[in-house]
Amino acid sequence: MRSERLALMSPSPGTHRELLVYRFGKAGTGPKVYIQAGLHADEWPGLLVVQHLLPLISEAEIQGRIKGEVVVVPYANPIGMSQNVFGYVTGRFDLTGTGNFNRNFGDLYQDTYRQVDGRLGANAQDNKQLVIQALKNTVADLPSDNEAAALKKILLGLSVDADYVLDLHCDDRTSAHVYCVDVQHETAVALCQRLGFRYLFTEDLNGIVAFDGTHLQPWHWLQKDFPDAGLQMPPLAVTIEYRGQIDVEDSMAADDAGKLFGFLMDQGIIAGDAGAASKTEVWVSSLQAVDTVFAEAAGLVLYSLPLDTWVKRGDIFAEIVLLDSEPNQRIPIRARTDGYLMGLSHRRLVRPGDQIAKIAGQEPLSHRIPGNLLQL
Ligand SMILES: [Zn+2]
């Protein structure tokens with residue numbers, strides 16, 4: 001295990017932050033895996049999963065079982081982790097105004113296209129290496145004129161040539177789930193079964209994408225531009241949602257780490273047999289069929305059904321208690337689709353527009369805005 005510390009640009013006199021990076025195996029000897037946790041810096045379960053995962057990978061390295069390279073960033077967002085506002089860490093958006101830490105990684109496609117156009121030949125492996133080098137060049141040329149942009153550039157520099165990108169997040173009070181692009185859903189189902197996750201959300205690569213999609217989008221479009229070049233998308237880039245924000249427990253994280261390690265064995269990145277995966281039946285929903293429910297009034301939200309309940313359209317699963325009306329007035333919240341109630345909020349005082357639930361259905365919903373990934 002090698003570690004290094006990468007300095008971010010200083011945001012203010014007398015301060016500086018750095019990323020810690022662990023490297024295992026040897027570059028060029030097999031697939032490259034990139035794992036990071038806490039890109040949304042107030043999403044903590046993945047941080048603990050990584051702490052349990054690191055010794056497993058280190059042990060595998062000592063035993064010579066790593067068939068390639070594994071790069072782990074145990075906390076991907078030291079900027080967000082430092083955003084402590086009166087005792088609360090708010091790590092989803094950059095308080096300096098650059099937006100969501102998991103969006104806007106820059107356009108990797110246009111510049112890469114310009115570099116490879118006219119240079120791709122008949123050998124698919126050579127073409128892959130050409131594209132990877134062009135992607136690295138593109139990332140190296142990305143602007144880094146503020147601390148958040150510099151952070152994103154460093155993260156991409158570590159991951160842009162990875163075959164597997166595993167980005168560890170969580171949600172509010174939510175069942176474990178995975179986001180993947182639709183063309184990778186088979187591998188993502190295998191991941192869910194290994195992890196014992198019941199829910200998988202699929203999306204396309206159009207429009208704004210998160211960290212995982214940033215790695216796939218250029219390949220997706222280059223495949224269309226150069227259909228004879230034999231370009232293959234990297235095998236998997238996903239966002240793994242390790243339940244809710246406060247689901248941070250040693251036993252759970254150790255179990256999760258063991259299963260994630262098992263997936264690396266399943267994929268042949270680490271030698272060994274992880275045994276049979278779980279028989280978990282994975283409920284696959286396109287993102288257009290996942291209803292994100294928002295509060296329509298200010299008040300206290302109360303849930304009448306537990307996580308993972310199957311609801312039908314019209315079922316009441318929550319109420320908002322109005323505090324400035326007649327005593328104890330309540331607005332019922334009804335499901336707008338048939339599906340599993342798999343996401344709730346851990347906040348209780350809500351305002352109009354706050355997200356209060358997720359229902360994973362299978363019918364595309366007309367009120368969903370395509371490509372509007374609100375919660376990764
Ligand atoms: Zn997140």
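Some observations on this one:
- All C-alpha pair distances within segment 209-348, sorted into 10 Å bins from zero, spread as 9, 23, 28, 23, 12, 4, 1 percent across the bins.
- For residue 310, solvent-accessible area (1.4 Å; no DNA, RNA or ligand), Å²: 110
- Neighbour count of at most 13 Cβ within 10 Å plus DSSP loop: longest trypsin sites (Lys or Arg not before Pro)-free window in the chain: 120-278
- By accessible area with a 1.4 Å probe, ligands and nucleic acids excluded, highest first: order of 248, 50: 248, 50
- Ranking by accessible area, most exposed first, for 1, 252 with a 1.4 Å probe: 1, 252
- Taking the longest Cα principal axis of the chain as reference, the axis of helix 185-195 is set at about 70 degrees.
- Summing charges over all other residues whose Cβ lies under 9 Å from the Cβ of residue 278, with Lys and Arg as +1 and Asp and Glu as -1, gives +3.
- Taking other residues whose beta carbon is less than 14 angstrom from the beta carbon of residue 318, and scoring Lys, Arg as +1 and Asp, Glu as -1, yields +1.
- Cα-based radius of gyration of the chain once divided by 2.2 N^0.38 Å, which approximates compact folds: 1.02
- Degrees separating the helix 147-159 axis from the principal Cα axis of the chain, which is the longest one: 60
- Considering only Cα atoms, the convex hull volume of segment 289-360 works out to 70 Å³ per residue.
- The accessible area of residue 107, taken with all protein chains in place and a 1.4 Å probe, comes to roughly 80 Å².
- Heavy-atom surface of the chain, accessible at 1.4 Å and reported per residue (Å²): 44
- Spin-label pair residue 115-residue 330: with each label point 7 Å from Cα along the Cα-Cβ axis, the two points sit 5.8 nm from one another.
- Cut-off 13 Å between beta-carbons: net charge of the residues surrounding residue 338, Lys and Arg +1, Asp and Glu -1: +1
- For residue 26, a cut-off of 22 angstrom between C-alpha atoms picks up these lysines, skipping any fewer than 8 places away in its own chain: 67, 128, 136.
- Cα long-axis angle, helix 250-266 against the chain (0 to 90 degrees, to the nearest 10): 40
- Alpha-carbon centroids, segment 1-57 and segment 163-201: separation in whole Å: 20
- For residue 244, distant residues with modelled amide H under 5 Å away: 171, 174
The values are calculated or read from the model by the stated rules, or taken from the named source; none is laboratory data. Given the structure is predicted, the values throughout are model-derived calculations rather than measurements. Every residue, glycine among them, receives a Cβ derived from its backbone with ideal geometry; neighbour counts consider all protein chains shown. When the accessible area is computed, the model is the full protein with side chains, heavy atoms only, and any ligands, DNA or RNA have been set aside. Shrake-Rupley method; radii C 1.70, N 1.55, O 1.52, S 1.80 Å.
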